[in-house]
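Colleague: Just passing along the structure, written as structure tokens.
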Amino acid sequence: MIKACLFDLDGVIVDTARYHFIAWKALAEELGFEFTEKDNERLKGVSRMRSLDILLEIGNIEMEQEKKEELATRKNDHYRSFITQMKPDEILPGATEFIKELKENNIKIALGSASKNAMTILDRLQLTDWFDAVVDGTKVSKAKPDPEVFLKGAEELNVLPGECVVFEDAEAGVEAALAGGMKCVGIGTPEVLGKAHLVVSGLHEMNFDKLSKL
């Protein structure tokens, strides 16, 4: 019996990936090397500090932790300058309609995102009130594929992990959902998200009937 749906944010409800890419690319240019869209694929679903480690690895740069934290803050400043301008029309197709259908069928809704900017984005998109719980990077210490973010979401919704379906666009997120004992719908392609119970190209392909058959 499905009682709750937990959604990742980036790539599932809204596409902020391009803003992340522009911000990381700007940081790489400041450090004197090129950061490509192919490089950016390695950062999908990964925490900010781990993303920075990957970026520095690409640039073959080593530095002390204090300097790393300065760079992570600088990247976030770049990123926040973009997301504070976001508008509700940037919500991905089908997301609002599907969440509304879930609410009508008494399914609880939570956000499970590594982003520490999740609340800012939800506020800008005017989606905050749709969620019964929001678990973001400010509430967890372990990054996906660790299931912490989703287990905490289930706990805040007061449901069992086995009663949850997770919606994820990253391989690490799918692995996190499965590790937490939850069903998972991958948003993307079967080639990348084949471990998920169901893969669709976006929430516009989802409805309550399809969810019930998982």
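The values are calculated or read from the model by the stated rules, or taken from the named source; none is laboratory data. None of these values were measured; they are calculated from a predicted model. For neighbour counting, all protein chains shown are included, and Cβ atoms are generated from backbone atoms with ideal geometry for every residue, glycine included. Note: accessible area is taken over every heavy atom of the protein model, side chains too, but ligands, DNA and RNA are not part of it. Shrake-Rupley method; radii C 1.70, N 1.55, O 1.52, S 1.80 Å.
Colleague: Before anything else, pin down the relative contact order of the range 61-136: Cα pairs under 8 Å, at least 6 apart, normalised by residue count, whole percent. Mind dumping the intermediate values first?
Modeller: On the way: 52 pairs, mean separation 26.2, N = 76.
Value for the range 61-136: 34 percent.
Colleague: Filter the cross-link list LYS25/LYS152; LYS25/LYS144; LYS103/LYS183; LYS25/LYS142; LYS139/LYS183; LYS38/LYS144 down to pairs whose alpha-carbon distance in this structure exceeds 28 Å.
Modeller: Details: LYS25/LYS152 32 Å; LYS25/LYS144 23 Å; LYS103/LYS183 19 Å; LYS25/LYS142 25 Å; LYS139/LYS183 22 Å; LYS38/LYS144 20 Å.
From LYS25/LYS152; LYS25/LYS144; LYS103/LYS183; LYS25/LYS142; LYS139/LYS183; LYS38/LYS144, over 28 Å: LYS25/LYS152.
Colleague: Using only Cα atoms, find the angle between the long axis of helix 148-157 and the longest principal axis of the chain, and express it within 0 to 90 degrees, rounded to the nearest 10.
Modeller: Value to nearest ten degrees: 40.
Colleague: What is the percent carbon and sulfur in the accessible area of the chain, measuring with a 1.4 Å probe over the protein chains and ignoring ligands?
Modeller: Working: 4990 of 10430 Å².
So the carbon and sulfur contribution to the accessible surface is 48 percent.
Colleague: Through the Karplus equation 6.51 cos²θ - 1.76 cosθ + 1.60, θ set to phi - 60°, convert the phi angles of the range 57-69 into ³J(HN,Hα) values in whole Hz; use x for Gly and Pro.
Modeller: 5, 4, x, 6, 10, 10, 7, 6, 4, 4, 5, 4, 5
Colleague: Starting from the amide H of VAL134, placed 1.01 Å from N in the peptide plane, find each other amide H under 5 Å away whose residue is 5 or more places distant or on another chain.
Modeller: LEU111
Colleague: Then there's this: If R₀ is 22 angstrom, what is the calculated FRET efficiency for the pair GLU155 and GLU70, using the beta carbon separation as r and rounding to 0.05? Kindly include the intermediate steps, with their values, before the conclusion.
Modeller: Working: r = 34 Å, r/R0 = 1.55.
After rounding to 0.05, the efficiency reads 0.05.
Colleague: Taking only Cα atoms and a 10 Å spring cutoff, compute GNM fluctuations for the chain and point out the largest among GLY180, GLY59, GLY153.
Modeller: GLY59
Colleague: By how many nm would the segment from ILE22 to ILE54 lengthen if fully extended, with 0.36 nm per residue of separation less the alpha-carbon distance?
Modeller: Numbers: separation 32, 0.36 × 32 = 11.52 nm, distance 1.58 nm.
Stretched fully, the ILE22-ILE54 segment lengthens by 9.9 nm.
Colleague: Any idea what the relative contact order of the chain is, in percent, if you count C-alpha pairs under 8 Å spaced at least 6 apart? The partial results should precede the final answer.
Modeller: Numbers: 367 pairs, mean separation 55.4, N = 214.
With pairs under 8 Å counted, the relative contact order is 26 percent.
Colleague: Can you work out ³J(HN,Hα) from phi for every residue in the range 43-50, in order, using Karplus 6.51 cos²θ - 1.76 cosθ + 1.60 and θ = phi - 60°, giving whole Hz and x for Gly and Pro?
Modeller: 9, 4, x, 9, 5, 4, 5, 5
Colleague: For the pair THR189 and ASP123, how long in nm is the line joining their label points, each one 7 Å along Cα→Cβ?
Modeller: 3.7 nm
Colleague: Which ³J(HN,Hα) values, rounded to whole Hz and listed in residue order, are derived for the range 24-35 from phi using the Karplus coefficients 6.51, -1.76 and 1.60 in 6.51 cos²θ - 1.76 cosθ + 1.60 with θ = phi - 60°, glycine and proline given as x?
Modeller: With the stated coefficients, the range 24-35 comes to 5, 4, 4, 5, 4, 5, 5, 8, x, 9, 8, 10 Hz.
Colleague: For the chain, report the accessible area per residue in Å² (1.4 Å probe, heavy atoms, rounded to an integer).
Modeller: Numbers: 10430 Å² over 214 residues.
Per-residue accessible area for the chain comes out at 49 Å².
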